[in-house]
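I have placed the structure first, in the form of structure tokens, so that the comments after it can refer back to it.
The values are calculated or read from the model by the stated rules, or taken from the named source; none is laboratory data. This is a predicted model, so every value here is computed, not measured. Accessible surface areas use protein heavy atoms only, side chains included; no ligands, DNA or RNA. Shrake-Rupley method; radii C 1.70, N 1.55, O 1.52, S 1.80 Å.
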Amino acid sequence: MPSTVERGAVHVSVERPRTAPRGRGVIGHSLGRVVPSVVDGFPICSPSQVWCQLAGALDREDLVAAGDFLVGSRGREPIVTFEGLVEAAQCLHRTKGARAREWALSEIRFGADSRPESLLRLLLRANGYRDLRVNEPVDVLGGTVRLHPDLSIPSLRLAVEYEGDHHRIDPQQWQDDIERRDLVESPSPSDARGQQRHICAECRLHMNGRRHSAQMCVRQWAREMPCVAGAPE
């Protein structure tokens, strides 16, 4: 979840026509449809319902990132299936956030390991890159080693990696990254690495409507990768 989302308060939902509850530390909602699950004796909205409700609180890009998290990745079991999100959205198609949910469902992908990776994928797509694969296997060294770059475009022989700050401050991670990049580049997809301070800042600028800076970031990558024929101008 983005840092701008209010934390600490408990969200309590009731079904219309009941009045949304109010009180210190409570954010109330009056919803058209509530189908709770029972957890430890308490009625709790299902993950798919919560995702639908987030459409009224998040930017649509973060709604995609939340959906990516829910449908899982190679190292994370899904909390809900993509079909479950679609079904929940269809049940709430006349409620607030319907358009955002429809757009987000078209962008959600299995395999993203973090919110920044999801935002990076959307940033690239917004700037004309298509056929982005998420953590798909890439065989190197004659098929003896298999890697899973964060994002790849096989037709352009391009791999894109997001690097959080731990890639900089952890010596072992730094060395692993060097070895990983050497494997990817010999002779496999060109590798474009985006560091946290660049990617997160540019993604935030993009979501705030300042698209020019984000576009300049992606175009700079393209200029630095001459082997990427056919990349967006």
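The HN-Hα couplings worked out from phi for the stretch 82-89 by the Karplus form 6.51 cos²θ - 1.76 cosθ + 1.60 (θ = phi - 60°) are 4, 4, x, 5, 4, 4, 5, 5 Hz, whole numbers, x standing for Gly and Pro.
Looking at the P(r) of the stretch 52-164, how many percent of alpha-carbon pairs lie beyond 25 Å?
So the portion of pairs separated by more than 25 Å is 26 percent.
Taking amide H positions as modeled 1.01 Å from N, with prolines and chain starts lacking one, the residues under 5 Å from Val12 and 5 or more places away or on another chain are Ile27, Gly28, His29. In this structure the stretch 1-111 gives 64 Å² per residue of accessible area when probed at 1.4 Å with all protein chains present. Computed with a 1.4 Å probe on the full set of protein chains, the accessible area for Phe82 sits at about 70 Å².
Across the stretch 36-52, computed HN-Hα scalar couplings (Karplus, 6.51 cos²θ - 1.76 cosθ + 1.60, θ = phi - 60°) run x, 9, 9, 10, 6, x, 10, x, 10, 4, 5, x, 5, 5, 4, 4, 4 Hz from first to last residue, x flagging Gly and Pro.
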